[in-house]
Structure formats: structure tokens, C-alpha cells
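Comments concern the structure below.
The values are calculated or read from the model by the stated rules, or taken from the named source; none is laboratory data. As the structure is a computational prediction, the values presented were derived from the model and not from experiment. Every residue, glycine as well, gets a Cβ built from its backbone with ideal geometry; the counts of neighbours run over all protein chains shown.
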Amino acid sequence: MKNSLNSLLGGKEGAIGLLILAVLMLLVMPMFLDVFRLNLMGKYLTYAFVAIGLVLCWGYGGILSLGQGIFFGIGGYCMAMFLKLEASDMQSTAAQTTPGIPDFMDWNQITALPLLWQPFHSFSFTIFAIIVIPILLAFIIGFAMFTRRVGDVYFSIIMQAIAAILTILVIGQQGLTGGINGITDLKTLHGWDIRTDEAKYVLYYINALLLIVVILLSRFVLSSKLGRLLSAMRDKEERVRFSGYNVAMYKVFIFCFAAVISSIGGAMFTLQVGFMSPTLVGIVPSIEMVIFAAVGGRLSILGAVYGAVIVNLGKTYFSEAFPDLWLYLLGGLFIVVVMFLPNGLAGLYEKYVHPLFFKRKNNVQTKVTKENTSVAASQIDTGGSK
């Protein structure tokens, strides 16, 4: 029991880091930010779900996915479909040619609710879809790619292609998806108005608590044998394969896990922002999501959260203060990180802050970390399932 709890918390240092993050999210931000800024911060935290997934599949698994916006969009659109159907009751849509269907369907001369939309009358099915659909899609993609040993840059290009195809489909099927405008004018969740200030506070707290749960689950995965296997596969994949492990299926698992985390983030984005758009599904947002993980540190779960928040705060500040230059300033920030901070913010913490508070353990921990990295593949040679 003690070992399991230690794995979830990440040891003493991990527990302190998680406690600091929890205090910032649950106490400091709600206390000092107005409802608009707090809702904006909640939006940034939804991106942290994707960044954590990228830490798992890229930082530890060596799978650089440039299409995580696909799964973020799936979760967002599933939630948006449920909310849109609730907002499209007979009374609210009485002025339409066909009452009882979403407005964009009526504008496109659709006279009956499409079969695809029918199950989303149920909130239980919506939650099921948010979890299962990204897992199924990730499994299909991962199984097709990893069993054929497609990886590295080729996998990244294929994910970009899938993201582009999905964006084109969403925009092209305007009668089903709302097209380029997305699904907008979302009002209630089971009759509860999600547009009020009170609702925004509640949704922010739900989002923050879900993020903490995802952090704990991710730490549990990384502290298990699977986590050691992921690191070994990243460094010496062939050696792991020759040891008798099914490398492809381990990659499929972590890819599916990252996908469902991203989907949950997308669903919370829709609830907090009140719309879902194809601009959040394509290649550009997917690359930005990778940058969140890179800035925070691609080997740090907590760093991914801070990276997502800081990058988006930078986007907001630069776009407000320098509307003509903000893209250049943001691009410069990314270049600095890539050139001078290869381990992101987590690297700065490990180099300058960590020794100040953990002096006695620092040298020993650094030595153990290096040893674990160098012999990760050899550790799995014994006791492995073949």
C-alpha cells in the first residue's frame, strides 16, 4: 500500500511538486483572478492534458505524435454534440424550418437529425464516446504503424496527414459538424446554465481536479514496469525486442493512453469555452501542443502543465500588447527553448532550484538517474514476459 501511494505521488519531491501545483490551481488562482481570467486559465489547463499525454508517448515512449489535436478534437466535438442537442429543443428552435435540430443543420436544409447524432442525446453515451472513440482510433493507427515498425519522422508525418484529413472532413461536412464555424451557442448541461459565473468556477475546479487525477495516473504508469520498458524502448528498442517483449503493443498502449487523456482535455475545453472548432483539430494546434511539452520539459509531467500554461499566457500577452509582432515574439521564445533549454523548464529546475532544497540527495539521485537510464534495457532482460 505504501509503495503504491509512493508511486502515485512520485516520492517526497513529487508529492511536494504536486502539492504546490494543487495549491496554485485550487487556491491561489481562484483567489486572485477574476472570473474571466480564471476561465481563461481553465482553458489553458485543458491543453495540459494533451501535454501530459505527449510527455508519456514522446518523452518516455519515443513516439513523437504531431497529431494530438485529433484526439483533443474528438473529445471536444463529442461533448459539443451533446450540449448542442440540449440547446436545440423544440422551444428554442421554433423559428427554424425544422424545429428540434441544431441551427446549422437547418441552414443546410437538413430536415431530420442525422443518425450519427442520435446517440448523443444521452450524456452517458457521450462520456463513453469521449473515452472509447479516441482509444479505438489510436489503436487502429498505432497497431497499423507500430506492428510494421513505422516510427520516428515517418510516424509524425502520417499523424500530420491524418490531422489534415480530419480537418478537411470536419469543414467539408458543414451540415453534420457546423463546418468552419464549428459547434457554437452551447448553453446548458442537463438544464444547468454553463455560461454563468458560478458555473465557470465549478467547471474550473472540476477541470483542475481531473488534471490532478491524470497526473497521478501518469505517475503510476511511469513508476510501473511499463514505465521502465518505455524508457528502454526509447533508448534501445531493438534490445528490448530481442529480449522477448512485444514492443509494438507497448507502444500502442501508451499511444492510446495519451489519446484518451487528450480527449478528456478536449471535452473540458468545450464545457469551459462554450464551443468547439476545427481550428483546434489540425496540424498547427497539434504542433503547438508539442511545444507545450517541450517548453515544460518532455520528461516532466508537472513541467508539461506549467509549459502549457506559460506558452498560452505568452500567446495572450503578446497578442494583446504587440498585435503586429506577437507571432514573431512567440516564435523567438520557442527558438530560445529549443537552442538553450533542451530539457525545458524542468531542466532549469533540476539544475538551479532542486540543489537548493535537496542538496543532500541531489548527487545520489543524479547518479541513480544516470545509471537507470544507461542500464534500462539490461534491467528488463530478466523476468520479462515473452
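Given the structure, is L38 among the aliphatic types (A, V, I, L, M) and part of a helix (DSSP H, G or I)? Give the derivation first.
Values: among the aliphatic types (A, V, I, L, M): yes; part of a helix (DSSP H, G or I): yes.
Yes; evaluated as a whole, the condition is true for this residue.
I'm checking my understanding of the structure. Among residues of the stretch 241-253 that are over 13 Å from Y60 (Cβ atoms) and either without any contact (Cβ under 8 Å) to a residue 60 or more places away in the chain or of a type in the set (A, V, I, L, M, F, W, C) (or both), which one is surrounded by the most Cβ atoms within 10 Å (Cβ to Cβ)? So that I can check it myself, show each step before the final result.
First pass over the stretch 241-253, keeping only residues over 13 Å from Y60 (Cβ atoms): 241-249, 252.
Among the residues that remain, those that are also either without any contact (Cβ under 8 Å) to a residue 60 or more places away in the chain or of a type in the set (A, V, I, L, M, F, W, C) (or both) are: 241-242, 246-249, 252.
Numbers: R241: 14, F242: 12, N246: 14, V247: 20, A248: 16, M249: 12, V252: 22.
This residue is V252.
I want to confirm something. Restricting to the stretch 258-275 and keeping residues that are crowded, with 24+ Cβ neighbours inside 10 Å and among the β-branched types (V, I, T), which single residue is farthest from G53 (Cα to Cα)?
Here the answer is T270.
Could you check the stretch 293-360 for helices (runs of 4 or more DSSP H) lying wholly inside it with 3 or more residues that are more than 21 Å from the chain's Cα centre (by Cα)?
Hits in the stretch 293-360: 301-321, 326-340, 354-357.
Would you check which residues across the stretch 178-187 are farther than 16 Å from A267 by Cβ and not aliphatic (A, V, I, L, M) and list them? Break it down into steps so the answer makes sense when it comes.
Narrowing the stretch 178-187 to residues farther than 16 Å from A267 by Cβ: 178-181, 184-185, 187.
Scanning the stretch 178-187 gives G178, G179, N181, T184, D185, K187.
Mind checking which residues of the stretch 276-292 are in a helix (DSSP H, G or I) and either surrounded by fewer than 22 Cβ atoms within 10 Å (Cβ to Cβ) or under 15 Å from the mean Cα position of the chain (by Cα) (or both)?
Narrowing the stretch 276-292 to residues in a helix (DSSP H, G or I): 278-280, 283-292.
Result: T279, L280, I283, V284, P285, S286, I287, E288, M289, V290, I291, F292.
Would you confirm whether or not the stretch 65-83 contains a residue that is farther than 20 Å from F269 by Cα, outside any helix (DSSP H, G or I) and in contact (Cβ under 8 Å) with a residue 12 or more places away in the chain? Before you say what the answer is, go through the steps one by one.
Here is the first cut: in the stretch 65-83, the residues farther than 20 Å from F269 by Cα are 65.
Narrowing further to those that are outside any helix (DSSP H, G or I): 65.
Narrowing further to those that are in contact (Cβ under 8 Å) with a residue 12 or more places away in the chain: 65.
Yes, the conditions are met somewhere in the stretch 65-83.
Got at least one residue in the stretch 188-195 being in a helix (DSSP H, G or I), modelled with pLDDT under 95, more than 19 Å from G67 (Cβ to Cβ) and in contact with a helix residue (DSSP H, G or I) (Cβ under 9 Å, 6 or more places away or on another chain)? Break it down into steps so the answer makes sense when it comes.
First, the residues of the stretch 188-195 that are in a helix (DSSP H, G or I): none.
No, every residue in the stretch 188-195 fails to be in a helix (DSSP H, G or I), modelled with pLDDT under 95, more than 19 Å from G67 (Cβ to Cβ) and in contact with a helix residue (DSSP H, G or I) (Cβ under 9 Å, 6 or more places away or on another chain).
Can you tell me which residues in the stretch 105-127 are in a helix (DSSP H, G or I), surrounded by fewer than 21 Cβ atoms within 10 Å (Cβ to Cβ), of a type outside the set (V, I, T) and out of contact with any Pro (no Cβ under 9 Å at 6 or more places or on another chain)?
Of everything in the stretch 105-127, those that are in a helix (DSSP H, G or I), surrounded by fewer than 21 Cβ atoms within 10 Å (Cβ to Cβ), of a type outside the set (V, I, T) and out of contact with any Pro (no Cβ under 9 Å at 6 or more places or on another chain) turn out to be W107, L115, L116, Q118, P119, H121, F123, S124.
Within the stretch 87-120, can you find the residues that are touching a residue at least 24 places away in the same chain (Cβ under 8 Å) and within 19 Å of S277 (Cβ to Cβ)?
A87, P102, D103, F104, M105, N108, L116, W117, F120, listed by residue number.
Pick from S156, S218: which is within 21 Å of the chain's Cα centre (by Cα), hydroxyl-bearing (S, T, Y), surrounded by fewer than 20 Cβ atoms within 10 Å (Cβ to Cβ) and in a helix (DSSP H, G or I)? Quick ask: steps written out before the conclusion?
Details: S218 fails: surrounded by fewer than 20 Cβ atoms within 10 Å (Cβ to Cβ).
S156 is the lone residue from the list that is within 21 Å of the chain's Cα centre (by Cα), hydroxyl-bearing (S, T, Y), surrounded by fewer than 20 Cβ atoms within 10 Å (Cβ to Cβ) and in a helix (DSSP H, G or I).
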